[in-house]
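The values are calculated or read from the model by the stated rules, or taken from the named source; none is laboratory data. Computed from a predicted structure; not experimentally measured. Here the Cβ positions follow ideal geometry from the backbone for every residue, glycine too, while neighbour counts run over all protein chains shown.
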């Protein structure tokens, strides 16, 4: 990228005079190389990329989006200065936000931009704010798009995404670990059928442009059997919905006759799902064992870690990740600024595990998955690491940063948000 600078040189008889006494003006247009971003962070990223801090200490972040004009918006998991969304603008072009404003009365997670509106979800509702041309802050009186989502103590966040036909998709996480008769109790059987699946554990589809909808009256159950999906994005290249879900917990504590401590840390896989309409991914009856690449029957429903049973009829993931990494956001790369291998691929923010003890915790990084059409075309790889700023993580509270949101900027950079102190990184390709 080059920066044009116009110099007006005032000349007379070889001498310089003030503009008041000028005799001749010579306008020189020179081109200077704009400063190339360098990695001035602790992040470990591939050669040819640079990471800079776009903003820091702005509140405990969740999901993040970038508008067409480059303005950045991040939802907050706790109110900051009494507000739940932060808006940021780099007005000087130096790669760092210099305008930061807060708005919104509740914390939340889901964010999306659709037809001139910023959509935002808290735990029970979806709102939208109308953008005002040229202004950082949108209109501050939000419109209620969807309400009536059930209140719950677990997996209550509502990520959202849009297709190209005017639909909005909202994930409703399961309010339990495995739909046990006695929740999180050793040996308790699962409820069969699981009543939670009526309004939880799946993705619902709505009209993105209609106000005053409710889940019960207007929602269409698009896919079911999904325990908890924080990472969700519509892939516009193939017109399909994708999710990376959080797998279940506590196999060993509840069923030690079938699982040991190491198996508890390594099972089940975090599943990367291609979500076709009417798909059933098996929760709570099944989980995916990434060590044997099979979906197996959960112990609450008669499983022993090997039985397949009804799980033979459930949809499998397109890729399996190690257990308990906590995939919290997903974005498909739809620009051309990154090298060709990254184009049309997926970036996933792994927030980091808490339940792999006594093994060290895993995650706390952003990974990349190459795609060709609807399916991954190669193995996943760590794209950005070092967020925790410590060598090994044994407790999430020790991590200085935890990546939680990813978004592609209008010029092709990748933005990553943090849930600990509210840092936003901007990763650019510089070669």
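Scanning segment 100-121 for residues being part of a loop (DSSP other than H, G, I, E, B) and under 14 Å from the mean Cα position of the chain (by Cα) gives a total of 3. Tallying residues that are more than 29 Å from residue 357 (Cβ to Cβ) and in a loop (DSSP other than H, G, I, E, B) within segment 317-336 yields 5. Each residue in segment 96-128 was checked for being crowded, with 22+ Cβ neighbours inside 10 Å and touching a residue at least 40 places away in the same chain (Cβ under 8 Å), and 11 pass. From the list 202, 212, the one residue that fits, being within 28 Å of residue 114 (Cβ to Cβ), loosely packed, with under 14 Cβ neighbours inside 10 Å and assigned by TED's automatic domain parsing to the domain that holds residue 122, is 212. Tallying residues that are modelled with pLDDT of 95 or more and surrounded by fewer than 23 Cβ atoms within 10 Å (Cβ to Cβ) within segment 35-46 yields 3. Condition test on residue 276, is it over 26 Å from residue 332 (Cα atoms) and assigned by TED's automatic domain parsing to the domain that holds residue 241? Considered against the rule, which asks whether it is over 26 Å from residue 332 (Cα atoms) and assigned by TED's automatic domain parsing to the domain that holds residue 241, residue 276 comes out as no.
Among the residues in segment 352-362, are any at pLDDT 95 or above, surrounded by 15 or more Cβ atoms within 10 Å (Cβ to Cβ) and in the same structural domain as residue 182 (by TED's automatic domain parsing)? No: segment 352-362 contains no residue that is at pLDDT 95 or above, surrounded by 15 or more Cβ atoms within 10 Å (Cβ to Cβ) and in the same structural domain as residue 182 (by TED's automatic domain parsing). In segment 318-337, of all residues being in contact with a strand residue (DSSP E or B) (Cβ under 9 Å, 6 or more places away or on another chain) and under 16 Å from residue 372 (Cα atoms), the one that is surrounded by the most Cβ atoms within 10 Å (Cβ to Cβ) corresponds to 331. Only residues that are at pLDDT 95 or above and surrounded by fewer than 21 Cβ atoms within 10 Å (Cβ to Cβ) were counted across segment 387-408, and they come to 1.
Applying the criterion of being at pLDDT 95 or above and not in a strand (DSSP E or B) to the residues of segment 72-91, the residue that is farthest from residue 119 (Cα to Cα) is 91.
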